[in-house]
Amino acid sequence: MSKVGFYGLEPWQKEYAEENSDVEKEFFDEKISPEHLPNESDVDILSIFVDSKIDGAVMDRFPNLKFIATRSTGFDHIDLEEAERRGVKVSNVPSYGENTVAEHAFALILSLSRKIYMAYNKIREDGDFSFDELQGFDLKGKTLGVIGTGRIGKYSIKIAKGFSMDVVAYDKFPNEEMAKELGFEYVSLEDLAKKSDVITIHVPYSEDTHHMVNEAFLDQVKKGAYLINTSRGAIVDTQALVFSLKEGRLGGAGLDVFEEEGVIKDELDFLTTGKPDGHDLKTIIANHILIDLDNVIVTPHNAFNTREAILRILDTTLENIKSFVEGKPQNLVS
Ligand code: NAI
């Protein structure tokens, strides 16, 4: 008989899981990480979100562990090699929110292009209804550079076309048929940097994409271009990003994700229990500089967070768990 440990569900999500799945469950409010090792538990299935980091030390606390169902598309928060070594299977939610994340990318783009965040602050804080410093730019006729033309990248391209933008894209595996159908062009990463007015990142994080947007890339961008990252923080070299913004090469950035985002989300915890080894303190400082810049807007890894998307995530996760228990696992990534 399987027992699932659900970590970090909100009360309404717990109710939904209770109503929609028969398997035995135990709920834990906290996230899990090597710094927050849970008490030993007899659950054999774990359901976690991206804020839980699962490595060998964490797996040691679950001696019966057979399966991890992450409630996310990305799975770089789980040590897959260690899981495989222990015979632990891992599943993800491959598709729940291509529109959801692409819509958030455009929320960031429009906030920057029309200075919505500045207008809002001026009125709220100073009662200032003047147009001073609020002139923006049209998206129509501008070029969007899309890095990664998978599910979310494709949806971003469709939205961009709705705004009459031109689109160039870079992907390791170009889909020429889709390019023809949607009316965009694949280019090299270097040409994407040179041609784009707004660049949006939709590749997964891997060794391959670590610091893909680095100093060399940022040196090539059009002066005044904007960078949007809703994918994973470490795809961008944070220190190079700060430098590019400070020297006025990039015109601004919209970021839903950060390198070292676990630490900045809970700095008090890091100061009291965290260990500096394994964390890049320079990047943590660079994040603070970023957050304070006037031409940078940040959101807290919230691109996935709509009611509709969460319901789709829960449905697929419960289905992943049911399929595993019935011996026909689906959506396995390892
Ligand atoms: P996908 O797997 O459908 O598309 C990824 C695309 O990137 C594919 O076309 C692939 O060929 C390309 N790619 C992979 N490695 C590459 C490389 N080294 N160079 C160039 N292209 C490469 O993934 P999807 O669903 O579009 O999601 C993308 C990422 O968005 C996820 O991996 C996740 O990290 C992030 N995400 C962020 C969320 C948030 O709340 N901020 C929510 C959901 C996803």
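The values are calculated or read from the model by the stated rules, or taken from the named source; none is laboratory data. A quick note: this is a predicted structure, and the numbers were derived from the prediction, not measured. Methodologically, a virtual Cβ is constructed for each residue, glycine included, from the backbone with ideal geometry; neighbour enumeration extends over all protein chains shown. Note: areas computed on protein heavy atoms with side chains; ligands, DNA, RNA excluded. Shrake-Rupley method; radii C 1.70, N 1.55, O 1.52, S 1.80 Å.
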Along the three principal axes, how long is the chain when you take its alpha carbons, biggest first, rounded to the nearest angstrom?
62, 50, 39
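Where does each of Thr283, Thr73 land when they are ordered by accessible area, with a 1.4 Å probe and the largest first?
Working: Thr283 5, Thr73 50 Å².
Largest to smallest exposure gives the sequence Thr73, Thr283.
Can you order the peptides 208-218, 180-190, 89-99 by their average number of other Cβ atoms within 10 Å per residue, highest first? List each step's numbers first, then the result.
Details: 208-218: 17.1, 180-190: 14.2, 89-99: 19.9.
Those peptides, ordered most packed to least, come out 89-99, 208-218, 180-190.
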With DNA, RNA and ligands ignored, accessible area of Asp60 (1.4 Å probe; Å², nearest 10):
90
Just the Cα atoms of the stretch 182-328, one point each, no solvent: what log10 I(q)/I(0) does Debye give at q = 0.08, 0.15, 0.16, 0.19 Å⁻¹?
-0.29, -0.86, -0.94, -1.15
Could you bin all the Cα-Cα distances of the stretch 1-130 into 5 Å bins starting at 0 and give me the percent of pairs in each, rounded to whole numbers?
2, 9, 16, 18, 14, 9, 8, 7, 6, 5, 3, 1, 0, 0
When we measure straight from the Cα of Lys328, which lysines land under 22 angstrom away, once same-chain ones fewer than 8 places off are left out?
Lys3, Lys25, Lys66, Lys89
Which residue fluctuates most in the GNM of the chain (Cα springs below 10 Å): Asp269, Asp219, Asp237?
Asp269
Calculated FRET value between Glu190 and Asp315, using beta carbons and R₀ = 51 Å, to 0.05
0.80
Counting DSSP beta bridges in the stretch 1-55, what percent are antiparallel, to the nearest 5?
10
What ³J(HN,Hα) values, in whole Hz, does the Karplus curve 6.51 cos²θ - 1.76 cosθ + 1.60 give for the stretch 136-147 when θ = phi - 60°, with x put for Gly and Pro?
x, 9, 6, 7, 3, x, 7, 9, 9, x, 10, 9
